[in-house]
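Working notes, beginning with the structure itself.
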Amino acid sequence: MSEKNLEPKDSSGFQKESKPPEKEVSPWEFAGLGMEFGLIVVGSVYLGNFLDGKFHSSPFGLLAACLLGFSYGIYYIIYRTTLKK
């Protein structure tokens, strides 16, 4: 009987794995990701408050900075979670 080898063998004679093993995701990575998201949003709130005080545009700087900070935070979460795949 002939044996079909579809995968190449290395020097030891064993077959190579076609896929690398998947990395386990630690729950601490997700906790860190949540902390980073919170820091981005809180930082944008402080930035918006500072801009409102400097330019005397009371609600608009804070609203714009919160919207941009939240949007960037969501983008950052999506980027970091899809980066490992």
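Readers should treat all values here as calculations from the given coordinates under stated rules, not as data from a laboratory. From a predicted model like this one, the values you see are computed outputs, not experimental measurements. Here the Cβ positions follow ideal geometry from the backbone for every residue, glycine too, while neighbour counts run over all protein chains shown.
Here are the numbers for this structure:
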item: Whole-angstrom Cα spans of region 27-84 along principal axes, big to small; result: 43, 16, 11
item: Additional length obtainable on full extension of the chain from residue 70 to residue 83, 0.36 nm per residue less Cα span; result: 2.7 nm
item: Amide H contacts under 5 Å for residue 57, placed H, 5+ residues apart; result: none
item: In nm, spacing of pseudo-spin labels at residue 18 and residue 36 (7 Å Cα→C-beta vector); result: 3.3 nm
